[in-house]
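Step one of this worksheet: look at the structure below.
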Amino acid sequence: MSDKSIQKYTDIEIIQQVLAGNTAVFEIIIRRYNPYLYKVGRSYGFNHQDTEDLMQETFINSYVNLKQFAERSSFKTWLIRIMLNQCYRNAHKFNYLKELPADILPDNSSLMFLPNHSYTNDAVISKEFNKVVEACLQQLPQEYRTTFTLRELTGLSVAETAEAMNTTASNVKVRLNRAKAMLRKEIEKTYSTEDIYEFNLVCCDRIVNGVMKRIDELGNKYLHT
């Protein structure tokens with residue numbers, strides 16, 4: 001599927017088509033939001049494979065509950081909130097993390113802080129630097145890491161981040177400022193938000209194929225009940 005096809009329709013238009021029975025266009029949703037969900041899963045401390053599994057479950061969950069989507073918030077925020085809740089449940093179940101954000105509840109369901117200099121011409125240096133950034137992010141407490149990821153890496157607004165994390169806008173601002181302060185000592189260069197927790201095309205195709213296969217098995221029964 002081409003980039004033009006992915007950008008052609010709005011989320012609401014795609015949702016309306018899916019609810020009308022054209023489930024094939026759900027692929028656009030998957031490709032559009034794969035990179036965002038991947039960043040969320042990795043920022044939560046899950047490895048690549050576990051993150052992919054959580055992404056698939058998130059997309060299936062959103063498909064099954066698509067009729068429940070209320071347009072009071074953006075679909076992107078709604079989908080990320082589902083992913084956050086998936087991360088919370090799995091982290092709690094398997095005790096992957098020592099520290100969990102208290103205000104992400106399982107059942108209630110440019111932004112760069114550094115100037116954009118041209119330090120990333122050397123691809124090797126850029127990749128190595130991004131690894132440093134990722135390592136630094138993993139050292140932050142979970143609530144700061146999640147806030148930073150949603151604001152800086154996925155581009156959610158303060159209001160959208162607050163809604164996704166079930167907290168206040170002022171709390172988001174405080175956490176983001178503290179996260180930046182923690183990182184600023186070690187990060188003195190710019191970085192690419194696209195490369196941090198990078199989710200490449202091969203992985204994207206794998207997620208698309210896995211989710212669409214599950215959707216074909218589920219059929220339309222969840223869309224009309």
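Tabulated data
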{"item": "Residues Gln7 and Glu217, FRET efficiency given R0 of 22 Å [Cβ-Cβ distance, rounded to 0.05]", "result": "0.15"}
{"item": "HN-Hα J in Hz across region 132-139 - Karplus 6.51, -1.76, 1.60, θ = phi - 60°, x for Gly and Pro", "result": "5, 4, 4, 5, 5, 4, 5, 7"}
{"item": "Label point distance in nm, Asn171-Asn22, each placed 7 Å from Cα along Cα→Cβ", "result": "4.0 nm"}
{"item": "For region 175-180, 3J(HN,Hα) per residue [Karplus equation, 6.51 cos²θ - 1.76 cosθ + 1.60, θ = phi - 60°, Hz, x = Gly/Pro]", "result": "5, 5, 4, 5, 4, 5"}
{"item": "Neighbour-count order for Val18, Val40, fewest beta carbons within 10 angstrom listed first", "result": "Val18, Val40"}
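Values quoted throughout were computed directly from the atomic coordinates according to the rules given, and no laboratory measurement underlies them. Being a predicted model, the structure only gives us computed values, none of them experimental. Every residue, glycine as well, gets a Cβ built from its backbone with ideal geometry; the counts of neighbours run over all protein chains shown.
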